[in-house]
Amino acid sequence: MASSRVEELTMSEWDGGVLPYSVGHKKLGMWLFIVSDALTFSALLMGYSYLRVATPHWPTPFHLWPSIAFSTLMTFCLLSSSLTMVLAVNASFRQDRAGTVRWILATMLGGLAFMILHLKEWNTLIHEGVTLVSNPWGTPLFGATFFGITGLHMFHVFTGVLYLAGIAIGVAKGRFTAEHVEVCGLYWHFVDLVWMFVFPLVYLLSVQMH
Amino acid sequence: MSAHSETHEAHGLSARLTFTVWAWLLALTGIEVFLAYEKLALHLMLVLLMGLSLVKAGLIMAYFMHLKFEKKTLVLTLIPALVIVVSTLSVFFPDSIRLLNMKP
């Protein structure tokens, strides 16, 4: 339908057909979700910090071996998986289907390594008597905050690995685009980002000094 | 894989920049672990660790999550809201010190 000169002059971006921020809807949606999820973790971490400051004699039980060594290695795994995710996104923009799948698999391996190490480390603590409601070192809040925060994060890693698997299968079948890979990448980097705060606040501030 | 028409040209971080950011992230992590074993006052330790973590978070968001190369309005929509809400959460933090001093 032809538009008059006045209509042309008054047409604006608000008339539709334009992508806000020049990003696709999937990507914008994922960013908005990430902001909301970041606030969830912020609330948890802030709650933990508050409880910790208000509690005298908060336990600092993490030995270099296995806790700090394991958690540092876990940090390395997650950071490296973010690296492989960037390489996967790059490959998808190059239309390199096989390369994309390979790098996504590498990212999943990093996530799985993180989870296995984390579960082993949890096991050590559980064997020392730490539960959600008690521990041998003092306030029951220690176990509650520790398992609550790291548990929620590990759940994000777990769902992230499942998400990556779905994307890898879709890419391999030729059904998913570079945008799908990029959006998945955003979620995975977010999981890594949260760990950047959980690691120092939960582990490094509770190092066992001799 | 079907090509997706982007509103901007095909992008992606150069391999060199990717590895550089990754190396910095590892280095900053190493500094954090080292700091954890230094006998510092809790306040100082917290400020240093959180400062380093914010730098790491910034690197991940800017480069890995590509925010540095997105439209500035997207950054303005996402980040200030996050900062404001986290600051609002922090407002009650000094109350924990009051609680600590109230305990027998």
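Residue by residue through segment A:159-168, what is 3J(HN,Hα) from phi via Karplus (6.51 cos²θ - 1.76 cosθ + 1.60, θ = phi - 60°)? Round to whole Hz and write x for glycine and proline.
5, x, 5, 5, 4, 4, 4, x, 5, 4
Report ³J(HN,Hα) in whole Hz for each residue of segment A:92-104, in order, from the Karplus equation J = 6.51 cos²θ - 1.76 cosθ + 1.60 where θ = phi - 60°; Gly and Pro get x.
Karplus-based 3J(HN,Hα) across segment A:92-104 equals 5, 6, 7, 6, 8, 5, 4, x, 4, 4, 4, 5, 5 Hz.
Just want the ordering: B:Lys68, B:Lys56, B:Lys103, from fewest to most Cβ atoms lying within 10 Å of their own Cβ.
Lowest to highest Cβ neighbour count: B:Lys103, B:Lys68, B:Lys56.
Send over the per residue convex hull volume for segment B:15-102, Cα only, as a whole number of Å³.
92 Å³
Please check: in the Gaussian network model of chain A (C-alpha springs, under 10 Å), which one of A:Val35, A:Val89, A:Val191 has the largest mean-square fluctuation.
Result for chain A, Cα springs under 10 Å: A:Val35 fluctuates most.
Provide A:Asp192, B:Asp95 in ascending order of the number of other Cβ atoms located within 10 Å of each residue's Cβ, fewest first.
B:Asp95, A:Asp192
What is the total of Lys pairs in the protein assembly as shown with C-alpha atoms under 18 Å apart, excluding same-chain pairs fewer than 8 positions apart?
For the protein assembly as shown, qualifying lysine pairs total 5.
Taking beta carbons within 10 Å but only from partner chains, what does the mean come to for residues A:92-101?
2
Using θ = phi - 60° and the Karplus relation 6.51 cos²θ - 1.76 cosθ + 1.60, list the HN-Hα couplings for segment B:48-65 in order, rounded to whole Hz, with x at every Gly or Pro.
5, 5, 5, x, 5, 5, 5, 4, 4, 4, x, 4, 5, 5, 5, 9, 5, 8
Counting helices only, and only those DSSP H runs with n ≥ 4, report the 222 nm mean residue ellipticity of the protein assembly as shown as the sum of -39,500 (n - 2.57) divided by its residues, in deg cm²/dmol to the nearest 500.
Result for the protein assembly as shown, helices only: -23500 deg cm²/dmol.
Would you tell me the mean number of C-beta atoms belonging to other protein chains that fall within 10 Å of each C-beta in A:72-83, as a whole number?
4
Quote the charge dipole size of segment B:15-102 about the Cα centre in Debye, to the nearest 20; the model charges only the Cβ of Lys and Arg (+1) and of Asp and Glu (-1).
Here the size comes out at about 260 debye.
Run the quick spin-label model on A:Glu7 and B:Arg16: label points 7 Å from Cα toward the beta carbon, then report their separation in nm to one decimal.
5.2 nm
Strictly greater than 33 Å: what percent of every Cα pair in the protein assembly as shown meets that?
Roughly 31 percent, rounded to a whole number.
Starting with the fewest neighbours, write out B:Leu54, B:Leu74 ranked by other beta-carbon atoms found within 10 Å of each beta-carbon.
Least to most surrounded, the residues fall as B:Leu54, B:Leu74.
Any read-out appearing in this document is the output of simple, stated calculations on the displayed coordinates, not a laboratory observation. Not measured: the values here are computed from a predicted model. For neighbour counting, all protein chains shown are included, and Cβ atoms are generated from backbone atoms with ideal geometry for every residue, glycine included.
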